[in-house]
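Handing you this structure, nothing more for now.
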Amino acid sequence: MTTRITHWIDGKPWSGKAERTSDVFNPATGQKTGEVDLASTAVMAEAVAVAKRAGKEWANASLTKRASVLFAFRELLNARKEDLAAIITAEHGKVLSDALGEVIRGQEVVEFACGIPHLLKGQYSESVSTGVDVYSMRQPLGVVGIISPFNFPAMVPMWFFPIAIGAGNAVIVKPSEKDPSAQNFIAQLWKEAGLPDGVFNVVHGDKESVDAMLEHPDIKSISFVGSTPIAKYIYETGTKNGKRVQALGGAKNHMLVLPDADLDLVADAAINAGFGSAGERCMAISVLVAVEPVADPTIAKIVDRMGKLTTGDGTRGCDMGPLVTAQHRDKVKSYIEAGVKEGANIVVDGRNVEPNSDGEGYFIGPTLFDEVQKEMSIYKEEIFGPVLSVVRVKSYAEGLKLINDHPYGNGTAIFTNDGGAARRFQNEVEVGMVGVNVPIPVPMAYFSFGGWKASLFGDTHAHGMEGVHFFTRGKVVTSRWLDPSHGGINLGFPTNG
Ligand code: NAD
């Protein structure tokens with residue numbers, strides 16, 4: 001039995017018949033579990049029309065009403081987070097504890113958005129001129145689009161929609177077709193929370209529906225997260241069509257280890273950040289830059305820990321689950337083959353892992369390369385799998401240059417006990433999110449998330465105050481209420497006085 005997964009438009013599942021569908025699998029077993037409808041341009045237009053109508057009313061709902069719906073949604077999400085985590089594991093493959101972690105990090109953004117009355121407060125200056133006051137306000141954009149990747153099917157859309165909805169917009173989410181069900185579950189929670197029908201819509205699809213979003217004049221902004229080539233395409237096409245766009249792209253995150261670092265902390269961090277979620281995280285550590293003479297002892301500690309990791313079905317208490325699809329597993333495998341061919345030293349080879357799972361899941365075990373050089377494809381490109389590369393360097397300066405020369409700039413970390421070195425690194429490194437003895441420095445919801453260079457197109461990061469600004473337009477009002485001292489006609493440019 002497979003499940004049909006369809007769009008959620010106007011507060012209910014779509015009742016039409018899709019022209020095209022895409023198969024959905026359980027990556028731990030390789031079994032097909034569902035078919036997701038892929039929206040045509042016409043279906044996208046139907047959803048946009050619904051959202052536009054619903055959004056107009058929602059924008060006029062009081063701040064108290066909007067905040068109360070957000071609070072109710074937060075409570076429902078918190079109560080059902082285990083159910084949502086199970087849905088994520090069944091389609092993405094990440095282990096249950098990791099899926100739960102993703103929901104909790106998304107929930108933080110909902111909690112931030114519960115403060116929307118405060119976040120939207122404008123400013124007021126009395127008597128800027130005689131009898132004249134000026135005040136500013138922020139108003140919603142209208143219909144906003146969110147296009148998300150497979151690797152965080154719940155959290156990444158939640159980086160955006162709580163703030164967008166709190167600010168009075170209507171939303172269309174286009175999830176990844178690889179793990180579409182999480183957003184349908186979330187749509188039901190919104191309905192139960194009392195959000196009016198049509199304010200939150202889920203339209204499933206692939207390139208056709210994405211292009212329909214990019215072309216539609218009533219979609220005012222696009223928040224995209226995914227690989228860099230698609231992010232660049234989304235940014236260029238969306239902005240050309242007059243939309244506000246934030247497009248977060250791929251990553252290659254380096255961890256710089258100085259000789260004075262605590263090597264047990266380093267090894268734990270490298271394992272957690274390198275192999276958590278099978279390396280399918282945009283903040284995964286994929287390169288460990290060891291400032292000599294620290295490489296050998298660090299590798300020994302990492303190898304020791306790798307020997308204890310278990311790989312298998314995410315519902316069975318293993319440390320690491322499968323990759324998302326058979327194609328993606330093959331791509332990661334081909335990178336490992338390329339690394340061996342290009343001359344890197346494969347210290348631990350995950351290709352022959354024996355997973356704890358039934359069926360033919362898409363597994364690759366944790367893999368470690370040493371002696372990786374910057375010309376190799378495993379160094380240059382994003383692998384997005386459980387493959388950690390060690391690059392040996394002679395100095396802090398050489399390590400810093402390596403990181404700054406890399407085209408990606410999402411996250412990075414330095415491990416050291418030298419506060420001066422850490423302070424210098426945070427100042428000099430050309431990367432958007434920096435950890436000091438913290439390997440996955442994902443900012444809290446009230447800060448903003450985003451990389452530099454090829455990891456972000458557009459100038460606005462996700463959530464925090466940048467999110468509030470992204471989903472609103474500023475307006476400034478200059479107002480005078482006439483009193484008996486009205487000054488008569490004056491054609492000069494208004495100045496204060
Ligand atoms: P992807 O780029 O393949 O897909 C992302 C979205 O774009 C999906 O919704 C997909 O349906 C759509 N899409 C795919 N091909 C398209 C095309 N040709 N035209 C228009 N739309 C298209 O990414 P993915 O494989 O789902 O996710 C993994 C990538 O996302 C990695 O590169 C990872 O680094 C990145 N990512 C980045 C961040 C970040 O914050 N920077 C966060 C999570 C994931």
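The values are calculated or read from the model by the stated rules, or taken from the named source; none is laboratory data. Computed from a predicted model, the values in this text were never measured in an experiment. Note that each Cβ is placed from the backbone with ideal geometry, even for glycine, and that neighbours are counted across all protein chains shown. SASA here: full protein model, heavy atoms, side chains in, ligands and nucleic acids out. Shrake-Rupley method; radii C 1.70, N 1.55, O 1.52, S 1.80 Å.
With respect to Glu236, is the statement that it is among the acidic types (Asp, Glu), within 11 Å of the ligand (Cβ to nearest atom) and open to solvent by 10 Å² or more (accessible area, probe 1.4 Å) true?
No: the conditions fail for Glu236.
Among (1) open to solvent by 70 Å² or more (accessible area, probe 1.4 Å); (2) away from the ligand (no atom under 16 Å from the Cβ); (3) of a type outside the set (Asp, Glu); (4) within 14 Å of Val387 (Cβ to Cβ), which single condition is Lys331 missing?
Against the list (1) open to solvent by 70 Å² or more (accessible area, probe 1.4 Å); (2) away from the ligand (no atom under 16 Å from the Cβ); (3) of a type outside the set (Asp, Glu); (4) within 14 Å of Val387 (Cβ to Cβ), Lys331 comes up short only on (2).
Restricting attention to the range 370-411, report how many residues are surrounded by 19 or more Cβ atoms within 10 Å (Cβ to Cβ) and part of a loop (DSSP other than H, G, I, E, B).
Selection size over the range 370-411: 9.
Which numbered condition in (1) open to solvent by less than 10 Å² (accessible area, probe 1.4 Å); (2) within 17 Å of Tyr408 (Cα to Cα); (3) under 18 Å from the mean Cα position of the chain (by Cα) is the only one that Ala278 fails?
The single condition Ala278 does not satisfy is (2).
Being within 8 Å of the ligand (Cβ to nearest atom) and either among the hydroxyl-bearing types (Ser, Thr, Tyr) or under 16 Å from Ile146 (Cβ atoms) (or both) is the filter here, so list the residues in the range 215-233 that pass it.
Result: Phe224, Val225, Gly226, Ser227, Thr228, Ile230, Ala231, Tyr233.
Okay, moving on. Any residue that is surrounded by 17 or more Cβ atoms within 10 Å (Cβ to Cβ) and within 16 Å of the ligand (Cβ to nearest atom) - is there at least one of those in the range 346-360?
no
Any chance you could count how many residues in the range 216-232 are farther than 20 Å from Gly168 by Cβ, in contact (Cβ under 8 Å) with a residue 60 or more places away in the chain and surrounded by fewer than 24 Cβ atoms within 10 Å (Cβ to Cβ)?
So the count comes out to 4.
Exactly one of (1) outside the structural domain of Lys401 (by TED's automatic domain parsing); (2) more than 14 Å from the ligand (Cβ to nearest atom); (3) part of a helix (DSSP H, G or I); (4) not aliphatic (A, V, I, L, M) is unmet by Asp296. Its number?
Among (1) outside the structural domain of Lys401 (by TED's automatic domain parsing); (2) more than 14 Å from the ligand (Cβ to nearest atom); (3) part of a helix (DSSP H, G or I); (4) not aliphatic (A, V, I, L, M), the lone unmet condition for Asp296 is (1).
If you check every pair at least six apart or on different chains, which have Cβ atoms under 6 Å apart with a residue in the range 162-173 that is of a type in the set (Asp, Glu) first and a residue that is surrounded by fewer than 24 Cβ atoms within 10 Å (Cβ to Cβ) and modelled with pLDDT under 95 second?
none
For a quick check of your reading of the model, give me the residue pairs whose first member lies in the range 305-323 and is closer than 15 Å to Gly361 by Cα and open to solvent by 50 Å² or more (accessible area, probe 1.4 Å), whose second is assigned to a loop (DSSP other than H, G, I, E, B) and charged (D, E, K, R), with beta-carbon atoms closer than 8 Å and at least 6 apart or on different chains.
Note: pairs meeting the criteria are Thr310/Asp319.
Restricting to the range 33-61, and then to whatever is in contact with a Pro (Cβ under 9 Å, 6 or more places away or on another chain) and more than 26 Å from Lys178 (Cα to Cα), can you tell me which residue is surrounded by the fewest Cβ atoms within 10 Å (Cβ to Cβ)?
Residue satisfying both the conditions and the ranking: Glu57.
Does the range 417-426 contain at least one residue that is surrounded by 13 or more Cβ atoms within 10 Å (Cβ to Cβ) and either within 21 Å of the chain's Cα centre (by Cα) or not assigned by TED's automatic domain parsing to the domain that holds Phe363 (or both)?
No, because not a single residue in the range 417-426 is surrounded by 13 or more Cβ atoms within 10 Å (Cβ to Cβ) and either within 21 Å of the chain's Cα centre (by Cα) or not assigned by TED's automatic domain parsing to the domain that holds Phe363 (or both).
In the range 139-170, which residues are in a strand (DSSP E or B) and either within 16 Å of the ligand (Cβ to nearest atom) or open to solvent by 10 Å² or more (accessible area, probe 1.4 Å) (or both)?
Answer for the range 139-170, where residues must be in a strand (DSSP E or B) and either within 16 Å of the ligand (Cβ to nearest atom) or open to solvent by 10 Å² or more (accessible area, probe 1.4 Å) (or both): Gln139, Pro140, Val144, Gly145, Ile146, Ile147.
Continuing with this model, one more query. What do you reckon, is Ala28 assigned by TED's automatic domain parsing to the domain that holds Asp179 and in a loop (DSSP other than H, G, I, E, B)?
It is true that Ala28 is assigned by TED's automatic domain parsing to the domain that holds Asp179 and in a loop (DSSP other than H, G, I, E, B).
For the range 115-133, does any single residue satisfy the condition of being more than 16 Å from the ligand (Cβ to nearest atom), touching a residue at least 60 places away in the same chain (Cβ under 8 Å) and surrounded by 24 or more Cβ atoms within 10 Å (Cβ to Cβ)?
no
Give the range 177-196 a look and list any residue that's of a type in the set (Gly, Ala, Ser), open to solvent by 10 Å² or more (accessible area, probe 1.4 Å) and within 16 Å of the ligand (Cβ to nearest atom), or say none.
Matches in the range 177-196: Ser181 only.
Taking the stated definitions as given, is Asp268 in contact with a Phe, Trp or Tyr (Cβ under 9 Å, 6 or more places away or on another chain), away from the ligand (no atom under 12 Å from the Cβ), over 15 Å from Val143 (Cβ atoms) and in the same structural domain as Met283 (by TED's automatic domain parsing)?
Spelling it out, it is not the case that Asp268 is in contact with a Phe, Trp or Tyr (Cβ under 9 Å, 6 or more places away or on another chain), away from the ligand (no atom under 12 Å from the Cβ), over 15 Å from Val143 (Cβ atoms) and in the same structural domain as Met283 (by TED's automatic domain parsing).
Hey, another quick one. I need a count of the residues in the range 197-208 that are more than 7 Å from the ligand (Cβ to nearest atom), surrounded by fewer than 23 Cβ atoms within 10 Å (Cβ to Cβ) and not in a loop (DSSP other than H, G, I, E, B).
1
Let me spell it out: the conditions are (1) over 17 Å from Gly238 (Cβ atoms); (2) at pLDDT 95 or above; (3) out of contact with any Phe, Trp or Tyr (no Cβ under 7 Å at 6 or more places or on another chain), and Val477 meets all of them except one. Which number is the exception?
Condition not satisfied by Val477: (3).
Considering every residue within the range 475-483, establish whether at least one is among the hydroxyl-bearing types (Ser, Thr, Tyr) and either loosely packed, with under 15 Cβ neighbours inside 10 Å or within 16 Å of the ligand (Cβ to nearest atom) (or both).
yes
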